[in-house]
Amino acid sequence: MPQILHIDSSLFSGEGVSSTLAARLIARWRAEQPGLQVTHRDLGREPIPHLDAARLTAIQTPAEQRTPEQQAIAEAADTLIRELQAADCLVLGVPMYNFGIPSPLKAWFDHVARAGVTFRYTEQGPQGLLTGKRAVILASRGGQHRGQPTDTQSGYLRTILGFLGITDIEFVYAEALNLGQEPRRASLAAAEADLERLSLAGGGVS
């Protein structure tokens, strides 16, 4: 049975468009396989602290030398990594804020990208250690950015996920959400159609 790691990053929590699309996808997959195992993190409701010098020092300090506070920080970061390592598929709800990904999602990536654990450096360059996984990204935007220079999200997500070894990546876009009722309606209908083509086994959209 595949394991899903579902991460929402909308400031509006489950009410965001990206979160709603992700929830619908998960619900359909659960209907197909009732025993589907899903770990859900809502970063809008429970944001991950941004990486700072204290947190990085705690993570890098040998376990036997950590203070109790450092141990708690390191264990929280290790938990995020274990969740990702255990997942067969990563489902990300990602709204666009000021042309970038939400800062709590960036904080999540900063905690799970760890040298020697989720990637390593080799003589041939960096090598991702999380191979064999799939990522589905539900991307919502107020404007129209897909394929434009203003879409800084898609390239970044492909890069950071690829850096970790995840190269099987599918996007579902809901755009033009703030450009009027008709463009919004059409975009959401197209996104819903793309969701229907996403099978649990893999494949469907790009």
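Which numbered condition in (1) hydrophobic (A, V, I, L, M, F, W, C); (2) more than 18 Å from Glu83 (Cβ to Cβ); (3) open to solvent by less than 50 Å² (accessible area, probe 1.4 Å); (4) outside any helix (DSSP H, G or I) is the only one that Ile4 fails?
Of (1) hydrophobic (A, V, I, L, M, F, W, C); (2) more than 18 Å from Glu83 (Cβ to Cβ); (3) open to solvent by less than 50 Å² (accessible area, probe 1.4 Å); (4) outside any helix (DSSP H, G or I), only one is false for Ile4: (2).
Is there any pair with a first residue in segment 137-160 that is in contact (Cβ under 8 Å) with a residue 40 or more places away in the chain and a second that is open to solvent by less than 20 Å² (accessible area, probe 1.4 Å) and of a type in the set (Phe, Trp, Tyr) whose Cβ atoms are under 6 Å apart and which are 6 or more apart or on different chains, and what are they?
Short answer, once both residue conditions are applied: Ile137/Phe171; Ala139/Phe171; Ile160/Phe109.
Suppose the filter is open to solvent by less than 30 Å² (accessible area, probe 1.4 Å), modelled with pLDDT of 95 or more, not in a helix (DSSP H, G or I) and not β-branched (Val, Ile, Thr); does Leu84 pass it?
On the way: open to solvent by less than 30 Å² (accessible area, probe 1.4 Å): yes; modelled with pLDDT of 95 or more: yes; not in a helix (DSSP H, G or I): no; not β-branched (Val, Ile, Thr): yes.
It is false that Leu84 is open to solvent by less than 30 Å² (accessible area, probe 1.4 Å), modelled with pLDDT of 95 or more, not in a helix (DSSP H, G or I) and not β-branched (Val, Ile, Thr).
Does Pro34 satisfy the criteria of being under 27 Å from Leu198 (Cβ atoms), in a loop (DSSP other than H, G, I, E, B), open to solvent by 60 Å² or more (accessible area, probe 1.4 Å) and not charged (D, E, K, R)?
The answer is yes for Pro34.
Give all pairs with beta carbons closer than 7 Å in which a residue from segment 56-80 that is without any contact (Cβ under 8 Å) to a residue 12 or more places away in the chain meets a residue that is open to solvent by less than 70 Å² (accessible area, probe 1.4 Å) and assigned to a helix (DSSP H, G or I); count only pairs at least 6 apart in sequence or on separate chains.
Arg66/Ala58; Arg66/Ala74
Quick one: is Ala135 in contact with a Gly (Cβ under 9 Å, 6 or more places away or on another chain), under 28 Å from Ala189 (Cα atoms) and part of a strand (DSSP E or B)? I'd like the intermediate steps shown before the answer.
Details: in contact with a Gly (Cβ under 9 Å, 6 or more places away or on another chain): no; under 28 Å from Ala189 (Cα atoms): yes; part of a strand (DSSP E or B): yes.
For Ala135, the condition - in contact with a Gly (Cβ under 9 Å, 6 or more places away or on another chain), under 28 Å from Ala189 (Cα atoms) and part of a strand (DSSP E or B) - is not met.
Specify which of the listed residues (Leu164, Leu198) is open to solvent by less than 50 Å² (accessible area, probe 1.4 Å) and touching an Asp or Glu at 6+ places or on another chain (Cβ under 8 Å). I'd like the intermediate steps shown before the answer.
On the way: Leu164 fails: touching an Asp or Glu at 6+ places or on another chain (Cβ under 8 Å).
Matching residue, one of Leu164, Leu198: Leu198.
Just to check your reading of the model, which residue among Ile48, Ile26 is in contact with a strand residue (DSSP E or B) (Cβ under 6 Å, 6 or more places away or on another chain), hydrophobic (A, V, I, L, M, F, W, C) and either closer than 22 Å to Pro104 by Cβ or open to solvent by 60 Å² or more (accessible area, probe 1.4 Å) (or both)? Walk me through how you get there before you give the answer.
Working: Ile48 fails: in contact with a strand residue (DSSP E or B) (Cβ under 6 Å, 6 or more places away or on another chain).
From the options Ile48, Ile26, the qualifying one is Ile26.
The values are calculated or read from the model by the stated rules, or taken from the named source; none is laboratory data. What you see is a predicted model, and the numbers here were worked out from it, not measured in a lab. Neighbour counts run over all protein chains shown; Cβ positions are idealised from the backbone, glycine included. Surface areas here come from the heavy atoms of the whole protein model, side chains and all, with no ligands, DNA or RNA. Shrake-Rupley method; radii C 1.70, N 1.55, O 1.52, S 1.80 Å.
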